[in-house]
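These notes concern the structure reproduced below.
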Amino acid sequence: MPTAIIGIGLPGSGKTTKLRALGNRKNMVYLSADDVRYELTGNESDQSMNKDVWDLIYIRIDNALLDNCDVIIDATNCKYEDRLRLVEYCSINATMIIGNYFIANVETCKKRNSKRDRSVPDYAIDRMANWLIENPPLKEEGYDLLVRYKTD
């Protein structure tokens, strides 16, 4: 059975850069919430169809894992409940679940984020940072391995 890698971290923490490169290098199925958002709405920042975005991501996770393909899920996953749901869902068809937690200083993330064509508002980054402070990712959430990357 295949592996599921779940990205975790603030916007600007380096998740997408590292996870997309890993997916290409290892020939893994790469699923990005931003990419699916763009596919459905024409705008990566459009949060109006998040339920549809995640419904489609979960379908694609199933398809990849059932085809015995390793999969990377690239999203902030800053909320504890979102991570638990994703880990539980992936555990049905994945042999191994790896959490890749990208840790960077909030101000560093804001600075990197401000240089993007599409940026996340500072207040949203602060809110996500608080979620991670209140409930940081732990191996006990169901990961077989939780890897922490310092990216600042």
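The values are calculated or read from the model by the stated rules, or taken from the named source; none is laboratory data. Quick caveat, the model's predicted, so the values are computed rather than measured. Cβ sites come from the backbone with ideal geometry, for glycine too, and all protein chains shown count toward neighbours.
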Handout entry: Complete set of residues in segment 64-97 that are among the charged types (D, E, K, R) and touching a residue at least 24 places away in the same chain (Cβ under 8 Å)
Key = 70, 74, 79, 83, 88
Practice task
Just one of (1) under 13 Å from the mean Cα position of the chain (by Cα); (2) surrounded by fewer than 16 Cβ atoms within 10 Å (Cβ to Cβ); (3) of a type outside the set (Lys, Arg); (4) under 13 Å from residue 9 (Cβ atoms) trips up residue 108, so point out which.
Solution key: (1)
Exercise for the section: Report whether or not residue 75 is closer than 17 Å to residue 129 by Cα and in contact with a helix residue (DSSP H, G or I) (Cβ under 6 Å, 6 or more places away or on another chain). Expected result: yes
Practice task
Check whether at least one residue in segment 116-130 is touching a Lys or Arg at 6+ places or on another chain (Cβ under 8 Å), surrounded by 12 or more Cβ atoms within 10 Å (Cβ to Cβ), farther than 10 Å from residue 11 by Cα and not charged (D, E, K, R), and report yes or no.
Solution key: no
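Give the residue that is surrounded by the most Cβ atoms within 10 Å (Cβ to Cβ), with candidates limited to residues of segment 91-105 that are in contact with a helix residue (DSSP H, G or I) (Cβ under 6 Å, 6 or more places away or on another chain) and of a type in the set (A, V, I, L, M, F, W, C). Can you show your working first?
Applying the first criterion (in contact with a helix residue (DSSP H, G or I) (Cβ under 6 Å, 6 or more places away or on another chain)) to segment 91-105 yields 93-94, 97, 102.
This time we only want the ones that are of a type in the set (A, V, I, L, M, F, W, C), so: 94, 97, 102.
On the way: 94: 21, 97: 21, 102: 24.
Of everything passing the filter in segment 91-105, 102 is surrounded by the most Cβ atoms within 10 Å (Cβ to Cβ).
Restricting to segment 1-29, name every residue that is of a type in the set (Ser, Thr, Tyr) and crowded, with 22+ Cβ neighbours inside 10 Å. Don't jump to the end; show me each part of the working.
Here is the first cut: in segment 1-29, the ones of a type in the set (Ser, Thr, Tyr) are 3, 13, 16-17.
The answer is 13, and nothing else.
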Fill in the blank from the handout: Reported set for segment 57-109 where residues are of a type in the set (Asp, Glu) and either in contact with a Leu (Cβ under 6 Å, 6 or more places away or on another chain) or over 15 Å from residue 7 (Cβ atoms) (or both) is 62, 67, 74, 81, 88, 107
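Would you kindly identify the strands (runs of 3 or more DSSP E) lying entirely within segment 23-132 that contain at least 2 residues that are touching a Phe, Trp or Tyr at 6+ places or on another chain (Cβ under 6 Å) and at pLDDT 95 or above?
Values: elements: 29-32, 71-74, 96-103.
Counting at least 2 such residues, we get 96-103.
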Practice task
Quick one: in segment 133-152, of everything that is part of a strand (DSSP E or B) and in contact with a Lys or Arg (Cβ under 8 Å, 6 or more places away or on another chain), which residue is surrounded by the most Cβ atoms within 10 Å (Cβ to Cβ)?
Solution key: 146
Practice task
Pull up segment 1-22, narrow it to residues that are in a loop (DSSP other than H, G, I, E, B) and aliphatic (A, V, I, L, M), then point me to the one that is nearest to residue 150 (Cα to Cα).
Solution key: 10
